[in-house]
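Comments concern the structure below.
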Amino acid sequence: MPVVLALVAENVGHVKGVGQLTGRDLTPLTGRALFADGISTVLAGIGGGSATTTYGENIGVMAATRVFSTAAYWVAAIAAVLLGLSPRIGAVISSVPAGVLGGATTALYGLIGIIGIRIWVENRVDFSKPKNQLTAGIALIIGIADFTFRFGQASFGGIIVGTIAAIVVYHVMDVIGRVRGTDEPSTEAADPAHAATGAVPAEPRAD
């Protein structure tokens, strides 16, 4: 269960990221993405594999190449499966120095992080508000540091803990602000995407 929760959080974030890159609202397609992920996880489990999810590295490649064609990724996926059946190809890939792979993944994950910041900017998140500051800050640190929460034999990694923390902190701070009268009710509160990310539009400035 902890693994599935983490994969759901990842998948939703990936859909949001791709939507931001392409300039399209892909939120209505999130359910289809999760359904496909669930089917692939079931098939992987039947074969003795682990749960599956979309790869954040692919989003980094999209950002770097500006290629968003689904046909291109179908071809890449088929090629990857076929190459994975060849032990020699696997040996060649394994021979790539760790520093080279580390440098490439650092760049790709960096691009993914920038996409997230771009989502905040384009949604005009007001970071002068403490609830947005704490929501973003706590979730980022938990996710980057990969904090782990253990309950019995269940283990929750940084992704799921950070996701839960973002949702809880935002709504708790929102309630406190309303009770104290220090924060106006958010017009975006009805939107789960904004509620989860703390995306509260900044108030227009009077010129």
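Only the coordinates and a few stated rules stand behind these numbers; no lab work does. Quick caveat: nothing in here was measured; it's all calculated off a predicted structure. Cβ atoms come from the backbone with ideal geometry, glycine included; neighbour counts cover every protein chain shown.
If you build a Gaussian network model of the chain, linking Cα atoms that sit under 10 Å apart, which residue out of Ala72, Ala166, Ala91 swings the most?
Ala91
With label points built 7 Å along Cα→Cβ from the Cα atoms of Val42 and Ser94, find their separation and express it in nm.
3.4
List the extent of the Cα atoms of the chain along each of their three principal axes, largest first, rounded to whole Å.
65, 48, 35
List Phe151, Phe127 from most exposed to least, where exposure is judged by having the fewest other Cβ atoms within 10 Å.
Details: Phe151 8, Phe127 14.
With the fewest neighbours first, Phe151, Phe127 line up as Phe151, Phe127.
Assign one of three labels to region 1-75, namely rounded, prolate or oblate, based on the Cα gyration tensor with a ≥ b ≥ c the square roots of its eigenvalues; rounded applies when a/c is under 1.5, prolate when it is not and a/b is larger than b/c, and oblate otherwise. Spell out each step's value before the answer.
On the way: a/c = 2.08, a/b = 1.61, b/c = 1.29.
Since a/c reaches 1.5 and a/b is larger than b/c, the shape of region 1-75 is classed as prolate.
Relative to the longest principal Cα axis of the chain, at what angle does helix 98-122 sit, 0 to 90 degrees, rounded to 10?
30
If the elastic network links every pair of Cα atoms under 10 Å, which of Ala36, Ala71, Ala107 fluctuates the most in the Gaussian network model of the chain?
Ala71
Taking the Cα centre of the chain as the origin and placing charges on Cβ (Lys, Arg +1; Asp, Glu -1), which of Ala107, His14, Val81 is farthest toward the positive end of the dipole?
The Cα lying farthest towards the positive end belongs to Val81.
With a 10 Å Cβ neighbour count serving as the proxy for reagent exposure, in which order, fewest first, do Leu7, Leu85, Leu29 appear?
Working: Leu7 21, Leu85 8, Leu29 13.
Result, fewest neighbours first: Leu85, Leu29, Leu7.
Expressed as a whole number of Å, what is the distance separating the alpha-carbon centroids of region 1-80 and region 88-144?
When both Cα centres are located, 16 Å separates them.
Between the helical axis of 130-145 and the dominant principal axis of the chain, each derived from Cα atoms, what acute angle in degrees is found, rounded to the nearest 10?
20
Using the number of other C-beta atoms within 10 angstrom as an exposure proxy, rank Asp37, Asp25 with the fewest first. Working shown, then result.
On the way: Asp37 20, Asp25 11.
In increasing order of surrounding Cβ atoms, one gets Asp25, Asp37.
In degrees from 0 to 90, rounded to the nearest 10, what is the angle of the helix 70-84 Cα long axis to the longest principal axis of the chain?
50
Report the relative contact order of the chain, percent, no decimals, based on alpha-carbon pairs under 8 angstrom and at least 6 residues apart. List each step's numbers first, then the result.
On the way: 190 pairs, mean separation 43.4, N = 207.
After rounding, I find 21 percent.
Choose one answer from Arg32, Arg88, Arg118: the residue with the largest mean-square fluctuation in a GNM of the chain with alpha-carbon springs under 10 Å.
Arg88
How far apart, in nanometres, would the label points at Arg124 and Arg32 be if each is projected 7 angstrom from Cα along the Cα-to-Cβ direction?
Between Arg124 and Arg32, the label points sit 3.1 nm apart.
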